[in-house]
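The values are calculated or read from the model by the stated rules, or taken from the named source; none is laboratory data. Given the structure is predicted, the values throughout are model-derived calculations rather than measurements. No Cβ is skipped: glycine too gets one built from the backbone with ideal geometry, and neighbour counts run over all protein chains shown. Ligands, DNA and RNA are stripped out before the accessible areas are found, and what is left, the full protein with its side chains, is counted by its heavy atoms. Shrake-Rupley method; radii C 1.70, N 1.55, O 1.52, S 1.80 Å.
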Amino acid sequence: MAMVTGLIPILRTALEATTDYTGRTMWFGFAVVRLLALYVSELPWGKLDLDFDCRGNETSEFCRKACFSEHFQVPVVSMWNSAYVFFVASVLLMELFTSQLRHNLTKATMRKKMVQPEGPLVGTWSSELAHKDLVLDFHHQRTLLLLYLLCILLRLLGEVSFLYVLFFWHLPLVSGDPIECSTLFCPGPFTCLVRFPAEKRMSLYLLGSLSAILALACVVFGLYSICHYLANCRAHQDRCV
(Lines give C-alpha, C1' and ligand atoms only; values in the text may rest on other atoms or scores of the structure.)
Protein backbone atom coordinates (compact mmCIF):
# COMPACT_ATOMS: atom_id res chain seq x y z
CA MET A 1 0.00 0.00 0.00
CA ALA A 2 2.83 2.40 0.86
CA MET A 3 4.50 1.62 -2.47
CA VAL A 4 1.33 2.45 -4.42
CA THR A 5 1.00 5.67 -2.44
CA GLY A 6 4.55 6.58 -3.41
CA LEU A 7 3.95 5.84 -7.08
CA ILE A 8 0.93 8.15 -7.39
CA PRO A 9 2.70 11.53 -7.01
CA ILE A 10 5.57 10.41 -9.27
CA LEU A 11 3.25 9.30 -12.05
CA ARG A 12 1.08 12.40 -11.63
CA THR A 13 4.09 14.69 -11.92
CA ALA A 14 5.33 12.84 -15.01
CA LEU A 15 1.95 12.94 -16.79
CA GLU A 16 0.49 16.30 -15.81
CA ALA A 17 3.51 18.57 -16.33
CA THR A 18 3.26 20.93 -19.30
CA THR A 19 7.03 21.33 -19.75
CA ASP A 20 9.05 18.62 -21.49
CA TYR A 21 12.76 18.21 -22.20
CA THR A 22 15.13 15.53 -23.45
CA GLY A 23 15.06 12.39 -21.29
CA ARG A 24 12.36 13.59 -18.91
CA THR A 25 10.08 10.57 -19.34
CA MET A 26 13.04 8.20 -18.97
CA TRP A 27 14.14 9.69 -15.63
CA PHE A 28 10.64 9.49 -14.19
CA GLY A 29 10.42 5.93 -15.51
CA PHE A 30 13.61 5.07 -13.64
CA ALA A 31 12.13 6.61 -10.48
CA VAL A 32 9.11 4.30 -10.73
CA VAL A 33 11.16 1.19 -11.54
CA ARG A 34 13.56 1.90 -8.70
CA LEU A 35 10.72 2.25 -6.23
CA LEU A 36 9.43 -1.17 -7.29
CA ALA A 37 12.95 -2.62 -7.00
CA LEU A 38 13.23 -1.21 -3.48
CA TYR A 39 9.98 -2.87 -2.50
CA VAL A 40 11.11 -6.26 -3.82
CA SER A 41 14.62 -5.96 -2.39
CA GLU A 42 13.45 -5.08 1.10
CA LEU A 43 11.38 -8.26 1.47
CA PRO A 44 14.32 -10.59 2.39
CA TRP A 45 15.59 -7.97 4.86
CA GLY A 46 12.28 -7.45 6.64
CA LYS A 47 13.07 -9.92 9.45
CA LEU A 48 16.81 -9.41 9.65
CA ASP A 49 16.90 -9.60 13.45
CA LEU A 50 15.16 -12.99 13.44
CA ASP A 51 17.44 -14.24 10.66
CA PHE A 52 20.52 -13.65 12.81
CA ASP A 53 21.30 -16.68 14.99
CA CYS A 54 24.21 -17.42 17.32
CA ARG A 55 25.56 -20.53 19.06
CA GLY A 56 28.01 -20.75 21.91
CA ASN A 57 28.43 -21.31 25.63
CA GLU A 58 25.49 -19.82 27.52
CA THR A 59 24.13 -17.94 24.55
CA SER A 60 21.42 -15.53 25.68
CA GLU A 61 19.06 -13.25 23.77
CA PHE A 62 21.02 -10.28 25.05
CA CYS A 63 24.29 -11.65 23.66
CA ARG A 64 22.66 -12.51 20.34
CA LYS A 65 21.42 -8.95 19.98
CA ALA A 66 24.81 -7.63 21.02
CA CYS A 67 26.45 -9.67 18.26
CA PHE A 68 23.77 -8.54 15.83
CA SER A 69 24.44 -4.87 16.62
CA GLU A 70 28.18 -5.40 16.27
CA HIS A 71 27.87 -7.10 12.89
CA PHE A 72 25.26 -4.77 11.33
CA GLN A 73 26.81 -1.45 12.29
CA VAL A 74 26.21 -0.11 8.77
CA PRO A 75 22.56 0.84 8.02
CA VAL A 76 21.15 -1.18 5.15
CA VAL A 77 17.54 -0.47 4.18
CA SER A 78 17.64 3.12 5.41
CA MET A 79 20.66 3.77 3.20
CA TRP A 80 18.81 2.31 0.19
CA ASN A 81 15.90 4.66 0.86
CA SER A 82 18.26 7.61 1.27
CA ALA A 83 19.82 6.87 -2.14
CA TYR A 84 16.35 6.77 -3.69
CA VAL A 85 15.42 10.10 -2.09
CA PHE A 86 18.63 11.61 -3.47
CA PHE A 87 17.79 10.36 -6.97
CA VAL A 88 14.22 11.69 -6.86
CA ALA A 89 15.50 15.01 -5.48
CA SER A 90 17.85 15.39 -8.47
CA VAL A 91 14.92 14.72 -10.84
CA LEU A 92 12.68 17.21 -9.05
CA LEU A 93 15.49 19.76 -9.08
CA MET A 94 15.38 19.74 -12.87
CA GLU A 95 11.61 20.10 -12.68
CA LEU A 96 12.09 23.18 -10.52
CA PHE A 97 14.47 24.69 -13.08
CA THR A 98 12.10 24.05 -15.99
CA SER A 99 9.13 25.38 -14.03
CA GLN A 100 10.99 28.60 -13.32
CA LEU A 101 12.02 28.90 -16.98
CA ARG A 102 8.43 28.42 -18.10
CA HIS A 103 7.34 31.13 -15.69
CA ASN A 104 9.97 33.52 -17.04
CA LEU A 105 9.06 32.78 -20.66
CA THR A 106 5.39 33.35 -19.92
CA LYS A 107 6.10 36.69 -18.25
CA ALA A 108 8.34 37.74 -21.16
CA THR A 109 5.58 36.87 -23.64
CA MET A 110 3.06 38.87 -21.63
CA ARG A 111 5.33 41.92 -21.58
CA LYS A 112 5.97 41.59 -25.31
CA LYS A 113 2.27 41.55 -26.09
CA MET A 114 1.66 44.38 -23.62
CA VAL A 115 -1.41 42.63 -22.30
CA GLN A 116 -3.21 44.56 -19.59
CA PRO A 117 -4.72 42.50 -16.76
CA GLU A 118 -8.47 42.18 -16.97
CA GLY A 119 -11.03 40.55 -14.81
CA PRO A 120 -12.39 40.82 -11.29
CA LEU A 121 -9.34 39.30 -9.56
CA VAL A 122 -6.62 41.78 -8.68
CA GLY A 123 -3.05 40.62 -9.11
CA THR A 124 -3.85 37.73 -11.47
CA TRP A 125 -3.51 37.24 -15.19
CA SER A 126 -3.89 34.46 -17.76
CA SER A 127 -2.03 33.53 -20.91
CA GLU A 128 -2.51 30.99 -23.67
CA LEU A 129 1.14 30.03 -23.28
CA ALA A 130 0.57 29.05 -19.66
CA HIS A 131 -1.89 26.37 -20.74
CA LYS A 132 0.11 24.88 -23.60
CA ASP A 133 2.72 22.14 -23.54
CA LEU A 134 6.21 23.58 -23.73
CA VAL A 135 9.06 21.52 -25.25
CA LEU A 136 12.42 22.97 -24.28
CA ASP A 137 15.15 23.13 -26.91
CA PHE A 138 18.58 22.87 -25.30
CA HIS A 139 20.11 24.39 -28.46
CA HIS A 140 18.66 27.74 -27.43
CA GLN A 141 18.60 27.26 -23.66
CA ARG A 142 22.23 27.00 -22.74
CA THR A 143 21.76 27.92 -19.07
CA LEU A 144 19.13 25.23 -18.67
CA LEU A 145 21.42 22.78 -20.46
CA LEU A 146 24.19 23.44 -17.95
CA LEU A 147 21.74 22.92 -15.09
CA TYR A 148 20.59 19.69 -16.74
CA LEU A 149 24.20 18.49 -16.94
CA LEU A 150 24.63 19.42 -13.27
CA CYS A 151 21.62 17.28 -12.33
CA ILE A 152 23.00 14.37 -14.35
CA LEU A 153 26.38 14.75 -12.64
CA LEU A 154 24.69 14.65 -9.23
CA ARG A 155 22.84 11.48 -10.20
CA LEU A 156 26.04 9.88 -11.48
CA LEU A 157 27.89 10.66 -8.25
CA GLY A 158 24.97 9.33 -6.24
CA GLU A 159 24.81 6.07 -8.20
CA VAL A 160 28.57 5.46 -8.01
CA SER A 161 28.49 6.06 -4.25
CA PHE A 162 25.48 3.75 -3.92
CA LEU A 163 27.26 0.99 -5.85
CA TYR A 164 30.27 1.32 -3.54
CA VAL A 165 28.04 1.03 -0.48
CA LEU A 166 26.20 -2.01 -1.85
CA PHE A 167 29.20 -4.09 -2.83
CA PHE A 168 31.82 -3.00 -0.28
CA TRP A 169 29.66 -2.40 2.82
CA HIS A 170 26.45 -4.40 2.51
CA LEU A 171 27.48 -7.45 0.49
CA PRO A 172 30.17 -8.62 3.00
CA LEU A 173 27.52 -8.59 5.73
CA VAL A 174 25.64 -11.47 4.07
CA SER A 175 28.56 -13.43 2.61
CA GLY A 176 27.29 -16.64 4.23
CA ASP A 177 30.50 -17.23 6.19
CA PRO A 178 30.33 -17.93 9.96
CA ILE A 179 30.62 -14.80 12.09
CA GLU A 180 32.86 -14.99 15.15
CA CYS A 181 31.53 -12.66 17.82
CA SER A 182 32.87 -11.51 21.14
CA THR A 183 31.69 -8.33 22.88
CA LEU A 184 32.55 -6.57 26.11
CA PHE A 185 29.48 -7.81 27.96
CA CYS A 186 29.39 -11.16 26.14
CA PRO A 187 32.99 -12.37 25.82
CA GLY A 188 31.87 -15.61 24.18
CA PRO A 189 33.19 -16.59 21.75
CA PHE A 190 30.00 -17.05 19.75
CA THR A 191 29.54 -18.34 16.22
CA CYS A 192 26.74 -16.56 14.39
CA LEU A 193 25.09 -16.94 11.01
CA VAL A 194 22.74 -14.87 8.89
CA ARG A 195 19.97 -17.05 7.52
CA PHE A 196 18.86 -16.88 3.86
CA PRO A 197 22.02 -15.12 2.65
CA ALA A 198 21.35 -16.01 -1.00
CA GLU A 199 18.05 -14.09 -1.04
CA LYS A 200 19.67 -11.10 0.61
CA ARG A 201 22.57 -11.12 -1.85
CA MET A 202 20.12 -11.35 -4.74
CA SER A 203 18.38 -8.18 -3.55
CA LEU A 204 21.76 -6.43 -3.48
CA TYR A 205 22.51 -7.62 -7.02
CA LEU A 206 19.11 -6.33 -8.17
CA LEU A 207 19.67 -2.88 -6.73
CA GLY A 208 23.26 -2.86 -7.94
CA SER A 209 22.28 -3.79 -11.50
CA LEU A 210 19.64 -1.06 -11.63
CA SER A 211 22.08 1.45 -10.16
CA ALA A 212 24.71 0.48 -12.75
CA ILE A 213 22.15 0.99 -15.54
CA LEU A 214 21.30 4.40 -14.10
CA ALA A 215 24.98 5.35 -13.93
CA LEU A 216 25.44 4.25 -17.54
CA ALA A 217 22.38 6.26 -18.60
CA CYS A 218 23.84 9.31 -16.85
CA VAL A 219 27.12 8.92 -18.73
CA VAL A 220 25.41 8.38 -22.09
CA PHE A 221 22.98 11.29 -21.68
CA GLY A 222 25.72 13.53 -20.34
CA LEU A 223 28.01 12.86 -23.29
CA TYR A 224 25.12 13.10 -25.74
CA SER A 225 24.04 16.46 -24.31
CA ILE A 226 27.58 17.83 -24.41
CA CYS A 227 28.24 16.70 -27.98
CA HIS A 228 24.79 17.33 -29.46
CA TYR A 229 23.75 20.50 -27.69
CA LEU A 230 26.65 22.28 -26.02
CA ALA A 231 29.33 21.67 -28.67
CA ASN A 232 26.85 22.11 -31.51
CA CYS A 233 25.68 25.39 -30.02
CA ARG A 234 29.22 26.72 -29.93
CA ALA A 235 29.97 25.48 -33.45
CA HIS A 236 27.07 27.39 -34.98
CA GLN A 237 27.55 30.36 -32.63
CA ASP A 238 23.89 30.37 -31.65
CA ARG A 239 22.66 32.96 -29.24
CA CYS A 240 21.88 30.76 -26.21
CA VAL A 241 20.08 31.91 -23.15
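Some notes on this structure:
- Taking (1) open to solvent by 90 Å² or more (accessible area, probe 1.4 Å); (2) of a type outside the set (Lys, Arg); (3) at pLDDT 95 or above in turn, Leu163 satisfies each apart from (1).
- Scanning region 36-76 for residues that are part of a helix (DSSP H, G or I) and closer than 16 Å to Glu159 by Cα turns up Ala37, Leu38.
- Selection status of Ala37, of a type in the set (Gly, Ala, Ser), surrounded by 14 or more Cβ atoms within 10 Å (Cβ to Cβ) and modelled with pLDDT of 90 or more: yes
- Verdict on Ser82 being at pLDDT 90 or above, loosely packed, with under 15 Cβ neighbours inside 10 Å, assigned to a helix (DSSP H, G or I) and among the polar types (S, T, N, Q): yes
- Of the residues making up region 176-206, just one is among the β-branched types (Val, Ile, Thr) and either assigned to a loop (DSSP other than H, G, I, E, B) or on the phi > 0 side of the Ramachandran plot (or both), namely Thr183.
- Residue within region 126-133 that is in contact with a strand residue (DSSP E or B) (Cβ under 9 Å, 6 or more places away or on another chain) and modelled with pLDDT under 65 present: yes
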